[in-house]
Every structure is written in C-alpha cells, then in structure tokens.
C-alpha cells in the first residue's frame with residue numbers, strides 16, 4: 001500500500017499528486033533486529049523478592065549490622081572459647097582466688113579461684129540459649145493462638161482474647177517465681193516459666209495481622225478454590241504476617257535473657273557451679289566495692305547483648321515494613 005506524501009508546491013501551494021509518493025518497499029529490504037538490540041531502549045533492574053529487598057535495606061542500617069556482628073562474635077566466643085581455654089567454668093584454685101585482671105586471667109578470678117573470663121563465656125551459652133529457645137517457643141504459641149483467634153473471630157476471638165487480658169493482668173514475675181519454687185532451679189523450669197506469658201504480645205500482633213489480611217483478594221481466591229480454613233491460615237495469612245512476627249520475636253530474645261538474669265540475680269535461677277550472666281552478677285555482690293571487676297564484665301556482657309539485640313530488632317522493623325521503604 002502506497003503512502004501519500006504531501007509536497008509543497010512553490011506556486012500553487014500543496015500538491016498531493018501520485019508522483020509525490022514513496023515507492024513500494026520490497027520485502028527483502030526488511031532486516032530482523034538482533035536479539036541483543038531488541039530491548040536496548042529499556043531501563044531494567046534485576047527483580048528482588050520480598051526477603052532480598054528486606055536484607056538489602058537491613059544491610060544499609062549501620063547500627064543493625066553492628067548489632068548482628070556483636071551477636072555473632074558473642075555466639076562464636078561462647079561456643080568455642082571455653083573449648084580452647086586451659087581453664088574450666090567450675091575448676092577451683094584457692095591459690096588464685098580474687099585475682100585482678102591480668103594476662104593469665106583476662107577478667108580476673110572469683111573467690112574460689114575460677115576464671116571469670118571462661119565463666120562469662122560459658123554464661124553466654126546459657127543466657128543466649130534461654131533467650132533464643134524461649135523466644136522460639138513463645139513465637140510458636142503466640143502465632144498459633146493469635147492466628148486462630150483472628151481468623152475465626154466472633155465468640156472464639158472474644159473468649160481467647162479475654163484469656164489474654166486476664167494473663168496480662170497478673171504480674172509475670174509473680175507466677176514465674178512461684179513456678180520456679182515448685183519445679184526447682186533448672187534450665188527446663190526457666191524455659192517453662194518464661195513460656196507461660198511471653199507469647200501474649202506475639203498473639204495480639206498476629207491476631208491484628210490476620211484480621212487485616214483475611215479479607216484480601218488472595219484469601220478469598222483461596223477460599224473459592226476449596227482450601228480449608230487451616231490451609232488458608234497457615235499457608236497464606238501467617239506467611240504474609242512474618243515481617244511483624246520476626247520483629248516481635250527479635251525483641252523477645254533480650255527480654256528472656258534479662259528475665260533469666262534477674263531470676264539468677266535473685267538466687268532462684270541457674271545455680272552454681274553452672275554459670276549464667278545473672279549468676280555471675282549475683283556472686284559478685286559481696287565484693288562489689290572491693291573487687292568491682294567481678295561484676296563489671298558479666299554486667300557489661302548483659303548490657304552489650306541487650307543493645308545489640310535491640311539494634312537488630314529496630315533494623316528488622318525498618319527493613320520488613322514496606323511503609324518505611326525509602
């Protein structure tokens with residue numbers, strides 16, 4: 001098909017005559033564009049998943065990365081430090097009792113001649129284990145409880161949330177101390193005591209997320225395809241709520257560590273010769289004014305760990321919340 005070209009005539013103005021047309025172009029004059037040139041005008045960027053994008057934003061937070069580095073260093077030192085040391089956490093040497101920090105004993109020794117540096121590293125094992133395990137247990141309980149409450153709603157939600165309100169009204173330390181007195185001062189009893197109420201905040205957050213998401217289009221589509229309620233809850237709603245859940249659990253870890261340290265400080269936590277950071281602080285109270293180094297290093301370990309975990313929690317909150325994306 002010929003395409004007419006309007007040509008301007010010097011004398012008469014415009015003259016759209018047949019001779020002022022482009023000739024037909026033969027088919028063999030067309031050339032295929034090479035593959036590498038087809039998208040040359042496009043500005044593209046590699047696609048990222050939700051978690052890749054969150055990790056990318058998390059890495060841009062210097063405090064969060066510092067906290068992550070500190071926790072990794074403490075965990076590695078707690079696992080391998082006592083193994084390569086010539087001292088044990090319960091080895092007593094009366095000849096070296098109450099020694100100040102030196103090249104031989106970096107953190108000094110206690111009243112029984114035990115190396116405080118090794119006992120601090122060994123205490124990190126117990127404190128971090130209690131924090132991580134307690135947070136994991138409370139995450140499971142809180143996610144299941146809050147998910148069921150928010151998804152089914154109605155009377156089920158009302159009854160389950162009133163139970164949460166009642167438990168919130170009772171001071172945590174009250175029944176934790178009572179439970180420790182009945183079950184004894186063991187690692188298992190501490191984990192059980194911390195698992196009684198620390199899941200309440202997680203349950204409320206998960207409930208709020210599920211209530212928000214259960215009327216989204218993908219939830220209605222899953223229901224239309226015949227998916228069961230449990231499948232919708234655990235395959236669609238809870239995975240899409242993992243951002244706030246992970247942030248909440250991150251803040252549970254320092255809370256559990258501090259609770260264990262406080263219980264040990266009161267004398268109802270981990271008992272000697274086992275060492276947690278709270279136990280070490282409690283043992284150093286009699287010599288606080290004469291040998292303050294015995295309390296300084298365990299207390300400093302607790303403080304640094306608290307700060308590091310809170311930095312990580314703040315970084316995760318900023319990275320996993322799409323509304324804070326810059």
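Every number in this text was worked out from the coordinates using simple rules, so none of it is lab data. All values reported here derive from a predicted model rather than from experimental measurement. A quick note on method: Cβ atoms are made from the backbone with ideal geometry, for glycine too, and the neighbour counts reach across all protein chains shown.
Classify the stretch 252-316 as rounded, prolate or oblate from the Cα gyration tensor: take a ≥ b ≥ c as the square roots of its eigenvalues, call it rounded if a/c is under 1.5, otherwise prolate when a/b beats b/c and oblate if not.
oblate
For the stretch 110-229, just run the numbers: alpha carbon Rg, then divide by 2.2 N^0.38 Å, N being how many residues it has.
The reported ratio for this selection is 1.47.
Taking neighbour counts of Cβ atoms within 10 Å as a proxy for exposure, in what order, fewest first, do 80, 112 appear? It would help to have the intermediate numbers written out before the result.
Numbers: 80 11, 112 16.
Going from sparsest to densest Cβ surroundings: 80, 112.
Two-decimal Rg/Rh of the stretch 86-152 from alpha-carbon positions, Kirkwood Rh?
Rounded to two decimals, Rg/Rh equals 1.41.
For the stretch 57-82 and the stretch 193-233, what is the centre-to-centre distance using only Cα atoms, to the nearest Å?
Measuring centre to centre over Cα atoms gives 32 Å.
Is the stretch 40-151 rounded, prolate or oblate when judged by the Cα gyration tensor, a ≥ b ≥ c being the square roots of its eigenvalues, rounded requiring a/c under 1.5 and prolate requiring a/b larger than b/c?
Oblate is the answer for the stretch 40-151, as a/c is 1.5 or above yet b/c matches or exceeds a/b.
In square nanometres, what is the average projected area of the Cα convex hull of the stretch 184-326?
Directional mean of the projected Cα hull area for the stretch 184-326 stands at 11.7 nm².
Could you calculate the contour length gain from residue 93 to residue 300, that is, 0.36 nm times the residue separation minus the distance between their Cα atoms, to one decimal place in nm?
Numbers: separation 207, 0.36 × 207 = 74.52 nm, distance 2.50 nm.
Net length gain for the segment: 72.0 nm.
How high is the relative contact order of the stretch 138-202, in percent, with contacts defined as C-alpha pairs under 8 Å that are six or more residues apart?
Values: 33 pairs, mean separation 33.1, N = 65.
Computed value for the stretch 138-202: 51 percent relative contact order.
Ranked highest first by average number of other Cβ atoms within 10 Å, how do 224-230, 103-109, 82-88 line up?
103-109, 82-88, 224-230
State the extension gain, in nm to one decimal, for the chain segment bounded by residue 55 and residue 208, taking 0.36 nm per residue of separation less the distance between their alpha-carbons.
Numbers: separation 153, 0.36 × 153 = 55.08 nm, distance 2.48 nm.
Result for the pair: 52.6 nm of gain on full extension.
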